[in-house]
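Beneath this line is the structure, given in structure tokens, with notes to follow.
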């Protein structure tokens, strides 16, 4: 792996690659629009995975499909180097109705590429095309196309299916388009970059009864209301102010009539944190608070607490390399001042291998442009102007990591 002192030497071949990428863009934009029009949900990315596999085979890569469900890995080897690097893109879409009005809007009702994974897939395919053609590296590059990032843990499934035993890379890298950053900017940081994501589902049970006779039935709605208020004090009063965490109640449901006390009320929410000890403390406090409210209100309270994504933790050397590659690729690369409270299942890959996750700016090219809309918005669209920047970064990560491999 090259170090910052080698930047001047490294920039010469990386600069040369920029013009070679331009002729790839028309086909990649057409591919990206096709993927956008045909979005597929988690573990159902059959059409997308087949398109990816076909594109990799046409490049002469060794292709492995069906990893962790619908995952695809392409293998590119060149030279005598023993080093290896993995580059990852996610393929799935969101279960939401698109409202963009685009000519290439989703043809699948209730499914929308509202997070830009169509762009990520297209960028990594573009990097594969470029690297297969130029071969300015010595070693092995694994192109990892992952299913089911949106809440279903496709990265965990690929790791459990032997991803890194079959493709034993030295480090793994990924990016995400980031509407909050301007085009041409990139950020990451050592340590936490994205939060752990937990989900809680709470059922508060009374007995139900007539609203005019509350003395005959424990009031599930009153108990749930007290519980919601107390849950919102956990971070403020149980967690060290120097730590970062969020607890949000996102749904409360119960009752069907104005004059009936319901027997059950359901509460749902999420917890985001970056530190395992903080995560443990919040879960314990949530359970204890529920028990206390149950005792005080004569209700029964059942808690389900699921830790579905761990925090995304960049290793220090690889985070530095990600920024080094971004600068070499012509991006304005800076250290992110703080992590985001959104979550990412790339965390499972980073638990298994050193690596780093980068935010690639895709902020609006002009006021009111559709791609200025936030991630997971029904009108969101990936900004095609970012395609060559992502290709450059993926290629620079691999070329610089494997430039001195032997």
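The values are calculated or read from the model by the stated rules, or taken from the named source; none is laboratory data. This is a predicted model, so every value here is computed, not measured. Here the Cβ positions follow ideal geometry from the backbone for every residue, glycine too, while neighbour counts run over all protein chains shown.
Out of 320, 327, 340, 336, I need the residue that is in the same structural domain as residue 149 (by TED's automatic domain parsing), surrounded by 17 or more Cβ atoms within 10 Å (Cβ to Cβ), within 26 Å of the chain's Cα centre (by Cα) and more than 16 Å from residue 192 (Cα to Cα). Which one?
On inspection, the qualifying residue turns out to be 327.
Of the numbered conditions (1) part of a loop (DSSP other than H, G, I, E, B); (2) at pLDDT below 95; (3) farther than 30 Å from residue 249 by Cβ, residue 374 fails exactly one; give the number of that condition.
(3) is the only condition that residue 374 fails.
Confirm whether residue 287 is more than 25 Å from the chain's Cα centre (by Cα), surrounded by fewer than 22 Cβ atoms within 10 Å (Cβ to Cβ), outside the structural domain of residue 330 (by TED's automatic domain parsing) and at pLDDT 95 or above.
Here the answer is yes, as residue 287 does meet what is asked.
What is the residue count in the range 331-362 for residues that are outside any loop (DSSP other than H, G, I, E, B) and under 19 Å from residue 164 (Cα atoms)?
Total meeting the criteria: 10.
Go through (1) in contact with a strand residue (DSSP E or B) (Cβ under 6 Å, 6 or more places away or on another chain); (2) in contact (Cβ under 8 Å) with a residue 60 or more places away in the chain and name the single condition residue 135 misses.
(2)
Based on this model, can you work out whether residue 136 counts as buried (at least 17 other Cβ atoms within 10 Å of the Cβ), in the same structural domain as residue 376 (by TED's automatic domain parsing), in a loop (DSSP other than H, G, I, E, B) and more than 27 Å from the chain's Cα centre (by Cα)?
Against the criterion (buried (at least 17 other Cβ atoms within 10 Å of the Cβ), in the same structural domain as residue 376 (by TED's automatic domain parsing), in a loop (DSSP other than H, G, I, E, B) and more than 27 Å from the chain's Cα centre (by Cα)), residue 136 qualifies.
If you scan the range 139-176, which residues turn out to be closer than 14 Å to residue 398 by Cα and part of a loop (DSSP other than H, G, I, E, B)?
169, 170, listed by residue number.
Restrict the check to the range 263-276 and report whether at least one residue is in a helix (DSSP H, G or I), in contact with a helix residue (DSSP H, G or I) (Cβ under 6 Å, 6 or more places away or on another chain) and either over 26 Å from residue 148 (Cβ atoms) or in contact (Cβ under 8 Å) with a residue 60 or more places away in the chain (or both).
no
Which one of 284, 319, 296 is without any contact (Cβ under 8 Å) to a residue 60 or more places away in the chain and assigned to a helix (DSSP H, G or I)?
Result: 284 is the single residue among 284, 319, 296 that is without any contact (Cβ under 8 Å) to a residue 60 or more places away in the chain and assigned to a helix (DSSP H, G or I).
Per-residue answers, yes or no, for (1) crowded, with 18+ Cβ neighbours inside 10 Å; (2) touching a helix residue (DSSP H, G or I) at 6+ places or on another chain (Cβ under 6 Å); (3) at pLDDT below 95:
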{"site": "146", "(1), (2), (3)": "yes, yes, no"}
{"site": "151", "(1), (2), (3)": "no, no, yes"}
{"site": "157", "(1), (2), (3)": "yes, no, no"}
{"site": "165", "(1), (2), (3)": "no, no, no"}
{"site": "170", "(1), (2), (3)": "yes, no, no"}
{"site": "180", "(1), (2), (3)": "no, no, yes"}
{"site": "188", "(1), (2), (3)": "yes, yes, no"}
{"site": "193", "(1), (2), (3)": "yes, no, no"}
{"site": "198", "(1), (2), (3)": "yes, no, no"}
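Could you look through the range 57-75, keep only residues that are touching a helix residue (DSSP H, G or I) at 6+ places or on another chain (Cβ under 6 Å) and crowded, with 20+ Cβ neighbours inside 10 Å, and pick out the one that is farthest from residue 345 (Cα to Cα)?
The selected residue is 74.
Conditions first: (1) in contact with a strand residue (DSSP E or B) (Cβ under 8 Å, 6 or more places away or on another chain); (2) closer than 20 Å to residue 89 by Cα. Residue 299 passes all but one, so which condition is the exception?
Only one criterion in (1) in contact with a strand residue (DSSP E or B) (Cβ under 8 Å, 6 or more places away or on another chain); (2) closer than 20 Å to residue 89 by Cα is unmet by residue 299, namely (2).
Out of (1) touching a helix residue (DSSP H, G or I) at 6+ places or on another chain (Cβ under 7 Å); (2) at pLDDT below 95, what's the single condition that is false for residue 312?
Tallying (1) touching a helix residue (DSSP H, G or I) at 6+ places or on another chain (Cβ under 7 Å); (2) at pLDDT below 95, residue 312 fails exactly one: (2).
Going by the structure shown, is residue 128 part of a helix (DSSP H, G or I) and over 19 Å from residue 41 (Cα atoms)?
In short, yes.
Let me confirm something: among 282, 301, 306, which residue is modelled with pLDDT of 95 or more and more than 25 Å from residue 191 (Cα to Cα)?
301
Considering only residues that are at pLDDT 90 or above and not in a helix (DSSP H, G or I), which ones fall in the range 206-241?
Those that are at pLDDT 90 or above and not in a helix (DSSP H, G or I): 206, 207, 218, 219, 232, 233, 239, 240, 241.
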